[in-house]
Amino acid sequence: MSGRLSPAALRATWTPRVIRTEVLAGLVVALALIPEAISFSIIAGVDPSIGLFASFTMAVTIAFVGGRPAMISAATGAVALVVAPLARDHGLGYLVAAVIVGGVFQVALGALGVARLMRFVPRSVMVGFVNALAILIFLAQVPELRDVPWGVYPLVAGALAIMVLFPRLTKVVPAPLVSIAALTALTLGAGIAVPTVGDKGELPSALPTPGLPDVPFTLDTLTLVAPYAFALALVGLMESLMTAKLVDDLTDTHSGKTRESIGQGIANIVTGFFGGMGGCAMIGQTMINVKNGARTRLSTFLAGVFLMVLCIAAGPLVSDIPMAALVAVMILVSLATFDRHSVSPATLKRMPLGETLVMVVTVAVVVATHNLAIGVIVGSVTAMVIFARRVAHLVNVSAVTDPEGGHVVYAVTGELFFASSNDLIYRFDYAGDPDHVIIDLTDAHIWDASTVAALDAVTTKYDKRGKTVEIVGLNKPSAHIHRTLSGELTADH
């Protein structure tokens, strides 16, 4: 499914049970968004309200224009890291301008079909991506467990116990919501002094208002913000598309990746005009949403709406939520996200070494850089190199000489491209072969100019010895590229 349903199917979908699930999942996500949005604002060097406004506008907008139902988009750490230098050196106005320009870049990239590049991401990279994000989600909770009052630790343990045991009683109400409510009531009733959401920063007291960024509208401004905007666009799209693919796998549904790419751009443009810091898909909050049963756009929309309602109408109460409750939610999410099967001894024993290496490289780069996009790119490049080396070794050249010595036939089999054709030139006996040489490519395929150049070099070496070369057995695509490029790849042709 692409996320579009017929009116009849839509009516059948909106049962009271589904609506209840979507509403409660959206509420849990909103609660989890608040401390993270504030933390990302701090990373970006802006007021906490800027991150909270971004989470509100991103979630509400993407609920209408995105391609992946149930996925949560909001202010993220990846985007915060990209725009932080701009905000530090030039101020909030330039950050907002970069968010708007970045959104325009995303719309353009989406329209150009950048989402189709996802097909080049191998499964081993996807597994590494999932495991890495689980590790990052867990590591992000560690600072909340350091140098804190001793009471935090039993609260976290109690919250985890509630979330594990409560679903055995009923699944009508999400266990994370019960856990958050129980711990808040306990800490307030017993007067337990532990870090709370309010310690992260002041919550906004009014809705954001639209406006233009406070920057001069000149070419110099565009030149300054464009590099940051383009980096924001790439990082945001990479994380969003990878998260969408993950949700596709978890829900056994298909989503519109091109629509999601364009939707992310529109959401960032809207967010910029409302003074937000921009964002993309949030992996942790998306996992909370999906694991709580959400499957539609309603939960995404309500996550944004509840976020502002909680901040404005219930700010004092939300500020009293102990961070221990939200830390426990994210720890459980990280444990549920990690693909334990991928690292089991039985799986590792059967898995090709190259596949395991790609997964490990992806995880290592993501954890080292705290950037999922960089990890996916490095992992994909590693996978391509390993694949190229593997395929290159499958090329074989065998010679059969005519009993009468009149000619020799070289049968070449395999995929001929830059990695496999580079040593092709060394597989022939130029001095010892008879005057007529036949190269049979019936069981081979020419993929690139490197192979044509290699065949030209072979022909040239035989020509210098007064011997003729006949290339036979080319399939139609191979014959076309050979006919087009042969003799045209050297300066002295």
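The values are calculated or read from the model by the stated rules, or taken from the named source; none is laboratory data. Small disclaimer: the values here were computed from a predicted structure and weren't measured. Because the Cβ atoms are built from the backbone with ideal geometry, glycine has one as well, and the counts that use them run over all protein chains shown. When the accessible area is computed, the model is the full protein with side chains, heavy atoms only, and any ligands, DNA or RNA have been set aside. Shrake-Rupley method; radii C 1.70, N 1.55, O 1.52, S 1.80 Å.
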**OP:** Anything over 32 Å Cα to Cα? Flag those among K291/K349; K200/K291; K257/K291; K349/K476; K245/K349, in the order listed.
**Re:** K349/K476
Original post:
Roughly how tilted is helix 175-190, in degrees to the nearest 10 and between 0 and 90, from the longest Cα axis of the chain?
Top reply: 40
Original post:
log10 I(q)/I(0), Debye, Cα-only region 252-367, no solvent, q = 0.10 Å⁻¹?
Top reply: -0.50
Original post:
What accessible area, in Å² to the nearest ten, does a 1.4 Å probe give for D89?
Top reply: 90
**OP:** Return the tail of the calculated pair distribution for region 1-158, meaning the percent of Cα-Cα pairs more than 19 Å apart.
**Re:** 70
Subject >> Contact order normalised by residue count of region 108-243, Cα under 8 Å, 6+ apart, percent >> reply: 24
Subject >> Accessible surface of region 364-493 [probe 1.4 Å, protein heavy atoms]: carbon and sulfur percent >> reply: 58
**OP:** Express the accessible area of the chain per residue in Å², computed with a 1.4 Å probe while the remaining protein chains stay in the model.
**Re:** 45
**OP:** Give me the number: length gained by fully extending V343 to F138, i.e. 0.36 nm times residue separation minus the C-alpha to C-alpha distance, one decimal in nm.
**Re:** 72.0 nm
Original post:
Between rounded, prolate and oblate, where does region 109-256 land on the alpha carbon gyration tensor, with a ≥ b ≥ c its root eigenvalues, rounded for a/c under 1.5, else prolate if a/b exceeds b/c?
Top reply: oblate
**OP:** Compare K467, K461, K171 by solvent-accessible area with a 1.4 Å probe and give them largest first, with all protein chains kept in place.
**Re:** K171, K461, K467
Original post:
When Lys and Arg each count +1 and Asp and Glu each count -1, what net charge do the other residues less than 14 Å away from P434, Cβ to Cβ, add up to?
Top reply: -4
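Which order do Y153, Y94 take by accessible area at a 1.4 Å probe, largest first?
Highest to lowest solvent-accessible surface, that is Y153, Y94.
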Subject >> Helix 257-273 vs. the chain, principal-axis angle (Cα, 0 to 90°, nearest 10) >> reply: 50
**OP:** On the protein heavy atoms, probe 1.4 angstrom, tell me the percent of accessible surface of region 166-308 carried by carbon and sulfur.
**Re:** 67
Original post:
Once label points are set 7 Å from the Cα along Cα→Cβ at both E470 and L188, what is their separation, rounded to one decimal in nm?
Top reply: 9.2
**OP:** Determine which residues of region 454-482 fall in the zone a paramagnetic label at T413 would reach in this model, i.e. backbone nitrogen under 19 Å from the point 7 Å along Cα→Cβ.
**Re:** 472-475
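Rank L186, L394 by accessible area, highest first, at a 1.4 Å probe radius?
Descending accessible area places them as L394, L186.
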Original post:
Using a Förster distance of 45 Å, how high is the FRET efficiency between L394 and F64, based on the Cβ-Cβ distance and rounded to 0.05?
Top reply: 0.35
Subject >> Three-way shape call for region 188-314 based on the alpha-carbon gyration tensor, with the a/c threshold at 1.5 >> reply: oblate
**OP:** Could you state how much accessible area E355 has, in square angstrom rounded to the nearest 10, with a 1.4 Å probe and all protein chains kept in place?
**Re:** 60
Original post:
Summing +1 for each Lys or Arg and -1 for each Asp or Glu, what net charge is found among the other residues whose Cβ lies under 14 Å from the Cβ of V156?
Top reply: 0
Subject >> Ellipticity estimate at 222 nm from DSSP helix runs (n ≥ 4, -39,500 (n - 2.57)) divided over the chain, nearest 500 >> reply: -20500 deg cm²/dmol
Original post:
Using +1 on the beta carbon of Lys and Arg, -1 on that of Asp and Glu, and nothing else charged, what's the dipole of region 68-150 about the Cα centre, debye to 20?
Top reply: 420
Subject >> Directionally averaged shadow of the chain, computed from the convex hull of its alpha-carbon atoms, nm² >> reply: 31.2
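Hey, what did region 1-135 get for relative contact order, percent, Cα under 8 Å, at least 6 apart?
That works out to 19 percent.
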